[in-house]
Amino acid sequence: MAAMLLGVVGCGGGDGQGAGPLKWQRTPRVFAPKTLPNDRVLSGRIRNDSLRRVDLAVQDIKLVDARGRRVAASVTFLAGFVHGLYPPTREPAKLPDSELLRTGRIARILPGKQAPITVAWRTRAGQERPTRLDYGRGVLPVPAR
């Protein structure tokens, strides 16, 4: 029984939304910049369908292929770019949560609310395409393109 449950959670739901408290607000966009044909960028919004706040950090997000192998990626909880308050070489050892939220390094998503997410990766020859974002408590499917 436990193996069946793990299989269901690991594979995502049949509705194209994944499994867990987070769902895509709409199908996210995946595109390849014209000047970087091996690069991909996913941009979308995630919605908290649970009854509790969901806290995420960029290091919690794993981009994985169909076999569960990790694909190197950069993640931010922003739809654009913001400059940090501190120079990169003189950043405090512990940043306040307000700065982590503002710069998209963490997200706090209240029940029924949503947050942006942007994920970028580079495809390699022979590498399988990523199929899902694993955030520890669930997974979100990654569209083919």
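Every read-out reported here was derived from the displayed coordinates using simple, explicitly stated rules and does not represent laboratory data. Everything quoted here is computed from the prediction, not taken from an experiment. Here the Cβ is made from the backbone with ideal geometry for all residues, glycine too, and neighbour counts use every protein chain on show.
Odds and ends about this structure:
- The stretch 59-145 - charge dipole about Cα centre, Lys and Arg +1 at Cβ, Asp and Glu -1, debye rounded to 20: 240
- Simple spin-label estimate for A144 and D55 in nanometres, 7 Å along Cα-Cβ: 4.0
- Ranking P21, G138, F81 by how far each Cα lies toward the positive end of the dipole of the chain (charges on Cβ) leaves F81 at the top.
- Cβ crowding within 10 Å, taken as a proxy for footprinting-reagent exposure, orders L22, L110 from fewest neighbours to most as L110, L22.
- In plain terms, the residue of S43, S74, S98 with the fewest other Cβ atoms within 10 Å comes first and the most crowded comes last, giving S98, S74, S43.
- Counting other Cβ atoms within 10 Å as a rough exposure proxy, the listed residues D60, D134 run D60, D134 from fewest neighbours to most.
- Calculated log₁₀ intensity ratio I(q)/I(0) where the Debye formula runs over C-alpha points of the stretch 25-129, q = 0.09, 0.10, 0.14, 0.18 Å⁻¹: -0.28, -0.34, -0.66, -1.01
- Residue with peak Gaussian network fluctuation, the chain [Cα springs, cutoff 10 Å], from R69, R47, R132: R69
- Per-residue 3J(HN,Hα) values for the stretch 113-127, derived from phi via the Karplus relation 6.51 cos²θ - 1.76 cosθ + 1.60 with θ = phi - 60°, read 9, 9, 8, x, 9, 10, 10, 10, 8, 10, 7, 10, 4, x, 7 Hz in sequence order (x marks Gly and Pro).
- Where labels lie 7 Å past Cα in the beta-carbon direction, separation of Q25 and V41 in nm: 1.8
- For the chain, the dipole from Cβ point charges (+1 on Lys and Arg, -1 on Asp and Glu) about the Cα centre works out to 240 debye, to the nearest 20.
- Relative to the globular-protein estimate of 2.2 N^0.38 Å, the Cα radius of gyration of the stretch 36-82 stands at 1.39.
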